[in-house]
Amino acid sequence: MQKKYFEKQFELAEAVKQPMFLHMRAAGENLCEIMTRNLHRFPGGVTHSFTDSTEDRDRLPCFEKMFIGVNGCSLKTNENLEVLRGIPVERLMIETNSPYCDIINTHAGS
């Protein structure tokens, strides 16, 4: 059901000509598959609070109007930091997402 309605969001985004703000969690393959089918309707967007894998990170820049958003939640582990280092700077968006995803002293990125 989630995939079905995610696909419908492309119709809405195209109709209102607004970017999509996507919260992707362990769904990179599904997201990219659905985006590929709907690329002609994709007005642009951001994967918010990115904490996914190197493979998912590397899939996203192939979508010309896709940006990768990072915040404190994206900096929690050393593995996260390694993934973030590979984001092309021209596709990077820094998010505050305050107060929920602040950078705190226990994070690897602090």
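Which count do you get for residues in the stretch 40-66 that are part of a loop (DSSP other than H, G, I, E, B) and either within 16 Å of E82 (Cα to Cα) or hydroxyl-bearing (S, T, Y) (or both)?
The total comes to 5.
Of all residues in the stretch 52-83 being hydrophobic (A, V, I, L, M, F, W, C) and surrounded by fewer than 18 Cβ atoms within 10 Å (Cβ to Cβ), which is modelled with the lowest pLDDT?
It comes out as C62.
Restrict the check to the stretch 6-15 and report whether at least one residue is over 20 Å from V89 (Cβ atoms), of a type in the set (F, W, Y) and touching a residue at least 12 places away in the same chain (Cβ under 8 Å).
Scanning the stretch 6-15, I find at least one residue that is over 20 Å from V89 (Cβ atoms), of a type in the set (F, W, Y) and touching a residue at least 12 places away in the same chain (Cβ under 8 Å), so the answer is yes.
Scanning for something farther than 20 Å from Y5 by Cβ and loosely packed, with under 13 Cβ neighbours inside 10 Å, does the stretch 23-38 turn up at least one residue? So that I can check it myself, show each step before the final result.
We begin by selecting, within the stretch 23-38, every residue farther than 20 Å from Y5 by Cβ; these are none.
No, the conditions are met nowhere in the stretch 23-38.
For the stretch 61-76, what are the residues that are out of contact with any helix residue (DSSP H, G or I) (no Cβ under 7 Å at 6 or more places or on another chain), among the small types (G, A, S) and more than 24 Å from F42 (Cα to Cα)? Outline the logic, then answer.
At the first step, the residues of the stretch 61-76 found to be out of contact with any helix residue (DSSP H, G or I) (no Cβ under 7 Å at 6 or more places or on another chain) are 62, 64-65, 69, 71-73, 76.
Now narrow it down to the ones that are among the small types (G, A, S): 69, 72.
Listed by number, the list holds a single entry, G72.
What's the number of the condition R25 fails, among (1) touching a strand residue (DSSP E or B) at 6+ places or on another chain (Cβ under 8 Å); (2) part of a loop (DSSP other than H, G, I, E, B)?
(1)
Can you pull out the residues in the stretch 40-73 that are over 19 Å from E90 (Cβ atoms) and more than 12 Å from the chain's Cα centre (by Cα)?
Passing the criteria: H40, R41, E55, G72, C73.
The values are calculated or read from the model by the stated rules, or taken from the named source; none is laboratory data. Everything numeric here is computed off the predicted structure, so don't read it as measured data. Note: ideal-geometry Cβ built from the backbone for every residue, glycine included; neighbour counts use all protein chains shown.
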